[in-house]
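Engineer: Encoded as structure tokens, here's the structure I'll be asking about.
Please treat every number below as a calculation from the coordinates, not as lab data. All of these numbers come straight from a predicted model, not from anything done at the bench. Because the Cβ atoms are built from the backbone with ideal geometry, glycine has one as well, and the counts that use them run over all protein chains shown.
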Amino acid sequence: MEMDDVRAVEVPMLGAGAGKLSDEESCVPMAQGFRESAHPDAKLFIYVNSHQRAEDVEKMVN
């Protein structure tokens, strides 16, 4: 399904809790897949449970 008008996608960090994935194993592939298929102006927001973790995840995916 193509949704060219979508510019913001908000998701929780998937698989890093009960799935026992590391933050990097969870976020990096998700961000890569998003970039490959999303509009160039679209933004991916990954929600985590602390400011420090958010900073770490941002560094990993950028």
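Engineer: Could you work out the relative contact order of the range 8-61, using alpha carbon pairs under 8 angstrom and six or more residues apart, expressed as a whole percent?
Structural biologist: Over the range 8-61, the number comes to 49 percent.
Engineer: Just to confirm the number: angle between the C-alpha axis of helix 23-37 and the first principal axis of the chain, 0 to 90 degrees, nearest 10?
Structural biologist: Approximately 0 degrees, to the nearest 10.
Engineer: Quote the charge dipole size of the range 8-61 about the Cα centre in Debye, to the nearest 20; the model charges only the Cβ of Lys and Arg (+1) and of Asp and Glu (-1).
Structural biologist: Dipole about the Cα centre, nearest 20: 80 debye.
Engineer: Moving on. Mind checking the angle between helix 51-61 and the chain's longest principal axis? C-alpha axes, 0 to 90 degrees, to the nearest 10.
Structural biologist: Once rounded, the angle reads 50 degrees.
Engineer: Sticking with this structure for a sec: In nm, give the distance between the simple-model label positions of D41 and D5, each being 7 Å from the Cα along the Cα-to-Cβ direction.
Structural biologist: Between D41 and D5, the label points sit 1.3 nm apart.
Engineer: Do the sum for the chain: with -39,500 (n - 2.57) for every DSSP H run of n ≥ 4, divided by all residues, what is the mean residue ellipticity at 222 nm, to the nearest 500 deg cm²/dmol?
Structural biologist: One gets -13500 deg cm²/dmol as the mean residue ellipticity at 222 nm.
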